[in-house]
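For reference, the structure discussed in these notes is given below.
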Amino acid sequence: MTGRTAAVRRLEPVLIDRIAAGEVIERPAAAIKELVENALDAGARTIEVVIEGGGKRLIRVTDDGHGMSAQDLELAVERHATSKLPDGDLFDIRTLGFRGEALPSIGAVARLSIVTRNSEDDNGWSIIVDGGRREPVRPAPAARGTRIEVTDLFSATPARLKFLKTDRAEAQAVAETVKRLALAHPAVRFTVAGEHLSTIDLPAEGADDAALLRRLVRLLGDDFAPNALPVDAMREGVALGGFAGLPTYHRGTAAHVHATVNGRPVRDKLVSGAVRAAYMDFLPAGRHPALVLAITCDPRLVDVNVHPAKSEVRFRDPGLVRGLIVGALKQTISGAGHLASSTGGARTLAALRAQASVPETQLRLHTGLHTAPFEPPPRPAPVAPDFAGWQAPFDRTPVSPRAAGFAEAGPSDSAPSANPAFAPVAADTRADAAPVAPEDEVQPLGAARAQVHGNYIISQTADGIVIIDQHAAHERLVYERLKRERAANGIARQLMLLPEVVELDPSEADRLLAHAETLASLGLVVDGFGAGAIAVQEVPAALAGGDIRGLVRDVADTLTEWGDARALEERLDHVLATMACHGSVRSGRRLRPDEMNALLREMEATPFSGQCNHGRPTYVELKLSDIERLFGRS
């Protein structure tokens, strides 16, 4: 191949603007983001957005901000002209926009019309930029503020249109962009209207935390407020505020994870990673929290000039910010105690309404637990609790005799029904066998009344009922106990009377023995016992009597998946969660009333007990008023 190298030449200004537009204005939503940020920087208290064709045919942004003079308007459509760097310091950015490229970039690829007026001028001013060609500034009638219209976006660069999605998809992207800005500025009224959109009208709420929560409810739904926890923390000049959803109030995508830095909405990898780390111990796989975090700091501690679209930032001390987010969120979640999402009861009622029917002659309730004629149950004689051989499963100090005991309950714990037609399918503890203690009923999780299907405890509160998954709840309690012990003086161990020998694949056995020291720090002491076998000498005291063979096999699988010792050190909590699963009350185990109440009281005293180690709720609560509506009583 032969030829002569082309000479270096200076690009035409219009071509330079179009190249810049490709970086800054990649789609209609990006153009609207730039225009709305300009309106916010101008002090607008009301911002209206109208689009057509997903923003490709028309974008109109109107605000009541300060407006511009004729001289300012003429400069505003030139490249690298801005009012947002008064002293030229790129490391002291106190506005949302600063590049000075948005308006000339939009004007280079579309028809741009601006009408503006400030409070000092008697009339307004207008300018048109069409495909990079600027017309002179002219007088125009205008109210205080600025109205910008963009028509035929990318008409000057038609190839760009091929990369855009459907009008509906682009319109939805516009709506999401404005919502993110609205979350960051609750004191401003936002309206969005146009094709393929349900009109959004967000009134100005104010500037305090209560105003922010009202704005969040409008955007994230009415369920957010009762499931949101206020976040308030500060470290070395960096403040963190906002609201974080309960772990059981989770979503299928990360779209409900919002963050702002000095009022600027960001999609930052450091922030999203810190959020994942904070919720890692509580969420099911593939689920994400719902939250809004507001980071505030000296502008010199964060660089916002690292991305053309200003969607990412770089902190001077990323470790400080990450630690602040993780620590604050974990402390916030811990402060919620045993609380689980209030939406669990709503989902339960929805399921009941979908299955319930009310014939004229008989009322049957299909709950998934059993289906039976609605008749008063017989009253069996109460069974005296037997505490022989009981070993406390919790670290409660002290434990009352009434709340003690997790011994296996025999068949005699449930008296047979006097009415065979009403015999419950799996009522392991009858309601009358669990008399209500006044001091229990006023507790958050109430007083245990029955156990059904060997796994679910029915509890009565002062104004409703609670359904508890006994295995999931106790799994979390054991897990939290193991974590506390490890953080304090080490996990208490119990010597096996006879070593438990577990047969494994030889490579798995070798891997377990290679990590024997780390496992011993978690309370699991193992030795070699020939080829492909290990002997368990000691186990965590909290797991005594649990499924030791299953525990060892699961730990071996974990080591196989993670590989080296460093990976294991970073995931010790996950290993503890695996252990807790094998040491918790098993599904199908019958519990006496005293044992059930002991479980409820321990849940109330243990943070994070509203969700199991896999992130699922450990209980759902139904208010009496909701149940009465279910039966048409109110």
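Pairs meeting the criteria (first residue in the stretch 463-477 and under 16 Å from Arg616 (Cα atoms) and of a type in the set (Asp, Glu), second residue modelled with pLDDT of 90 or more and outside any helix (DSSP H, G or I), beta carbons under 6 Å, at least 6 apart or on different chains) are Asp469/Thr618. Within the stretch 152-172, the set of residues being under 22 Å from Gly194 (Cβ atoms), crowded, with 17+ Cβ neighbours inside 10 Å and among the aliphatic types (A, V, I, L, M) comprises Leu153, Leu164, Ala171.
Listed by first and then second residue, the pairs linking a residue in the stretch 623-634 that is under 10 Å from Asp463 (Cα atoms) to a residue that is modelled with pLDDT under 85 and not in a helix (DSSP H, G or I), with Cβ atoms under 8 Å apart and 6 or more places separating them unless they lie on different chains, are Ser625/Ser634.
Counting only residues that are in a loop (DSSP other than H, G, I, E, B) and under 19 Å from Thr578 (Cα atoms), the stretch 476-506 holds 4 of them.
Exactly one residue out of Arg486, Arg493 is within 28 Å of the chain's Cα centre (by Cα) and either closer than 19 Å to Thr618 by Cα or basic (Lys, Arg) (or both), and it is Arg486. Among the residues of the stretch 177-186, those that are in contact (Cβ under 8 Å) with a residue 60 or more places away in the chain, in a helix (DSSP H, G or I) and within 20 Å of Thr62 (Cβ to Cβ) comprise Thr177, Val178, Arg180, Leu181, Ala184.
Please state which one of Ala541, Ala556 is within 16 Å of Ala492 (Cβ to Cβ) and either touching a residue at least 12 places away in the same chain (Cβ under 8 Å) or not assigned by TED's automatic domain parsing to the domain that holds Leu498 (or both). So that I can check it myself, show each step before the final result.
Working: Ala556 fails: within 16 Å of Ala492 (Cβ to Cβ).
Just a single option satisfies the conditions, and that option is Ala541.
The residue pairs whose first member lies in the stretch 135-162 and is free of Cβ contacts under 8 Å to residues at least 12 places away in the same chain, whose second member is surrounded by 13 or more Cβ atoms within 10 Å (Cβ to Cβ), and whose beta carbons are closer than 6 Å, counting only pairs six or more residues apart or on different chains, are Glu135/Ile128. For the stretch 130-151, the candidate set comprises residues that are among the charged types (D, E, K, R) and crowded, with 17+ Cβ neighbours inside 10 Å; within that set, the residue that is modelled with the lowest pLDDT is Asp130. Filtering the stretch 218-261 down to residues that are within 26 Å of Phe315 (Cα to Cα) and touching a Ser or Thr at 6+ places or on another chain (Cβ under 6 Å), which residue is surrounded by the most Cβ atoms within 10 Å (Cβ to Cβ)? Filtering first and then ranking leaves Ala244. Restrict the check to the stretch 302-314 and report whether at least one residue is of a type outside the set (Val, Ile, Thr), surrounded by 15 or more Cβ atoms within 10 Å (Cβ to Cβ) and at pLDDT 90 or above. There is no residue in the stretch 302-314 that is of a type outside the set (Val, Ile, Thr), surrounded by 15 or more Cβ atoms within 10 Å (Cβ to Cβ) and at pLDDT 90 or above.
If we scan the stretch 498-512, do we find a residue that is surrounded by 15 or more Cβ atoms within 10 Å (Cβ to Cβ), among the charged types (D, E, K, R) and within 34 Å of the chain's Cα centre (by Cα)? No, the stretch 498-512 has no match at all. Residues that are small (Gly, Ala, Ser) and surrounded by 21 or more Cβ atoms within 10 Å (Cβ to Cβ) within the stretch 289-301 comprise just one, Ala290.
Please work out if Pro318 is of a type outside the set (Lys, Arg) and under 19 Å from the mean Cα position of the chain (by Cα). It is false that Pro318 is of a type outside the set (Lys, Arg) and under 19 Å from the mean Cα position of the chain (by Cα).
The values are calculated or read from the model by the stated rules, or taken from the named source; none is laboratory data. If you're wondering where the values come from, they're calculated on a predicted model, not measured in any experiment. Counting neighbours? That spans all protein chains shown, and the Cβs are built from the backbone with ideal geometry, glycine included.
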